[in-house]
1. Which members of the stretch 173-191 meet the condition of being open to solvent by less than 60 Å² (accessible area, probe 1.4 Å), closer than 21 Å to Asn139 by Cβ and of a type outside the set (Val, Ile, Thr)?
2. Does Phe138 satisfy the criteria of being in contact with a Leu (Cβ under 7 Å, 6 or more places away or on another chain) and more than 30 Å from Asn28 (Cα to Cα)?
3. Between Glu62, Glu84, Glu70, Glu97, which is surrounded by 11 or more Cβ atoms within 10 Å (Cβ to Cβ), assigned to a loop (DSSP other than H, G, I, E, B) and either modelled with pLDDT under 85 or touching a Phe, Trp or Tyr at 6+ places or on another chain (Cβ under 8 Å) (or both)?
4. Only one residue in Leu102, Leu194 is loosely packed, with under 10 Cβ neighbours inside 10 Å, among the aliphatic types (A, V, I, L, M) and in contact (Cβ under 8 Å) with a residue 12 or more places away in the chain. Which one?
5. Can you tell me which residues in the stretch 165-186 are within 38 Å of the chain's Cα centre (by Cα) and assigned to a loop (DSSP other than H, G, I, E, B)?
6. Which members of the stretch 137-151 meet the condition of being open to solvent by less than 60 Å² (accessible area, probe 1.4 Å) and either part of a helix (DSSP H, G or I) or touching a strand residue (DSSP E or B) at 6+ places or on another chain (Cβ under 6 Å) (or both)?
Amino acid sequence: MQNNTADISPDLLAQSLKQLPCGALLSNNDKLILWCNDTLTKLGECTLQQVISQPLDKILSEYLAPPEEENQLLHMKTTASQAEKWLKRQDIALENESGVTLTLLWDVTNEQFQTQKCANLSNQLEQLNTVDPVTGLFNRKAMLQNIEPMVSRCRRYENPLSVIAMEFTNFNSILEQHGEEVANEAFIQLAQLL
């Protein structure tokens with residue numbers, strides 16, 4: 001396959017970069033912004049004049065909160081006219097002697113909201129889960145949720161109440177010697193006796 005990159009005009013390349021669906025900017029060795037596309041100015045609600053020749057770190061800190069951990073996920077500082085946004089940043093050192101770096105910023109707001117929503121639903125599900133998945137018996141959480149009403153009812157009607165606390169002391173040795181499947185079966189057998 002022949003490489004036809006020489007056939008691409010600089011104007012076509014510049015036009016393509018301007019129309020990228022993500023924010024793009026070029027910065028030099030001194031981290032001064034040399035160029036940015038229209039998508040970046042729309043993401044930051046700024047103008048080209050506010051960005052060009054400015055230090056990259058200054059512009060990013062002015063419009064973006066610091067990255068979360070090491071994943072280069074940036075939280076957009078919200079303004080009155082702008083909803084909350086999350087951006088994913090990637091820096092690419094261009095392979096030439098100019099020392100120019102291409103920085104791309106993708107809007108990952110929807111993905112971030114979905115991740116947060118999934119985590120919230122998992123937490124809610126964990127809080128609602130009251131049945132042991134192996135034995136089908138109520139777990140400690142269910143016991144704690146239901147013990148107080150049971151005690152109150154037994155006191156009110158003067159009925160006896162028994163609570164059994166059990167510990168499966170050989171579980172670890174069964175698990176080590178026979179594996180998880182056999183250990184789970186032992187739990188199930190014990191649950192059926194109760």
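The values are calculated or read from the model by the stated rules, or taken from the named source; none is laboratory data. These figures come from a predicted structure and were not determined experimentally. Every residue, glycine among them, receives a Cβ derived from its backbone with ideal geometry; neighbour counts consider all protein chains shown. Heads up: the accessible areas ignore ligands, DNA and RNA and are worked out on the full protein's heavy atoms, side chains in. Shrake-Rupley method; radii C 1.70, N 1.55, O 1.52, S 1.80 Å.
1. Scanning the stretch 173-191 gives Ala183, Asn184, Ala186, Leu190, Ala191.
2. Criteria not met by Phe138.
3. Glu84
4. Leu194
5. Glu167, Phe168, Gly179
6. Selection gives Ala142, Ile147, Val151.
Let's see how each residue does on (1) open to solvent by 80 Å² or more (accessible area, probe 1.4 Å); (2) within 30 Å of Pro21 (Cβ to Cβ); (3) assigned to a helix (DSSP H, G or I); (4) of a type in the set (Ser, Thr, Tyr):
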residue	(1), (2), (3), (4)
Asn110	yes, yes, yes, no
Gln116	no, yes, yes, no
Ala119	no, yes, yes, no
Gln124	yes, no, yes, no
Thr135	no, no, no, yes
Arg153	yes, no, yes, no
Val163	yes, no, no, no
